[in-house]
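Below is one structure, written out as C-alpha cells, with a few remarks after it.
The values are calculated or read from the model by the stated rules, or taken from the named source; none is laboratory data. Not measured: the values here are computed from a predicted model. Every residue, glycine among them, receives a Cβ derived from its backbone with ideal geometry; neighbour counts consider all protein chains shown. The area values use the complete protein model at the heavy-atom level, side chains included, leaving out ligands, DNA and RNA. Shrake-Rupley method; radii C 1.70, N 1.55, O 1.52, S 1.80 Å.
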Amino acid sequence: MGQGNITQSHPELFRQFTRALGIHDETLSALPTAPETRALIETYLQMPHKYGYLAALGAVCYASEGIVSSLYTQLYKGIVGATPLPKESLIFFEVHIDVDDSHAAKLAAVIEPQITKNEEDIKIKLAIAEAMDARLQFFNGIQRQISNYSLYPDSWLPFDESL
C-alpha cells in the first residue's frame, strides 16, 4: 500500500519498472487479462467458499507470500543480468524480496494455532496445492504470451510470423 504514499504502492512501483522497459501506462492498461491470470485470481477468490477461511489463508501464506522472496530474487537476478535498468525501476522486486517473508511468517503465526483438527490440515494442504497449480498455469500463460510477441526489444506488438 506504500504506507500511505501512493507513489510507493505496489502498482506504482511495478509501473516504474514497466516504464523503464519502455512500456507506457496506456499500453499496459490496454493489455487484456490473460486467461491464466483470470484463473489464478478466481482460484484465490473461490478458496474461502471451497475450503474455508483458514485454508484460504494457508494458501495465501504458503503458496503466495512464502514463495515471493525466492521467486522475486530469481526474477531480479534475471532482469539485472539481461538489461541495464535504473536502480529505482527495480524497487518493486526489492520490496518483495525484503518484505514478503515477514508477511508469510505473520500469517503462519495466525494460522498454525488454529489448526486443531486433521480435517483443517487436509483442507489447507488441498488449498495450497490448488493455489500452486494455478500459479504454475499462470507462469505457463506468461510463457505462452512471450512466445506470441515479437523478439524486437522496442516492440510489444504481437509477432506476425508471416512477415
Quiz item: Scanning for something touching a helix residue (DSSP H, G or I) at 6+ places or on another chain (Cβ under 9 Å) and either at pLDDT below 90 or more than 18 Å from Asp133 (Cβ to Cβ) (or both), does the stretch 34-45 turn up at least one residue?
Solution: no
Quiz prompt | Within the stretch 68-102, considering residues that are of a type outside the set (Ser, Thr, Tyr) and in contact (Cβ under 8 Å) with a residue 40 or more places away in the chain, the one most open to solvent (accessible area, probe 1.4 Å) | solution = Glu88
Quiz item: Among the residues of the stretch 124-145, is any more than 25 Å from Thr37 (Cα to Cα) and either open to solvent by 70 Å² or more (accessible area, probe 1.4 Å) or hydroxyl-bearing (Ser, Thr, Tyr) (or both)?
Solution: no
Quiz item: Is it the case that Tyr53 is open to solvent by less than 80 Å² (accessible area, probe 1.4 Å) and hydroxyl-bearing (Ser, Thr, Tyr)?
Solution: no
Quiz item: Name the residues in the stretch 103-123 that are touching a Leu at 6+ places or on another chain (Cβ under 8 Å) and either open to solvent by less than 70 Å² (accessible area, probe 1.4 Å) or not charged (D, E, K, R) (or both), would you?
Solution: Leu107, Val110, Ile111, Gln114, Ile115, Glu120
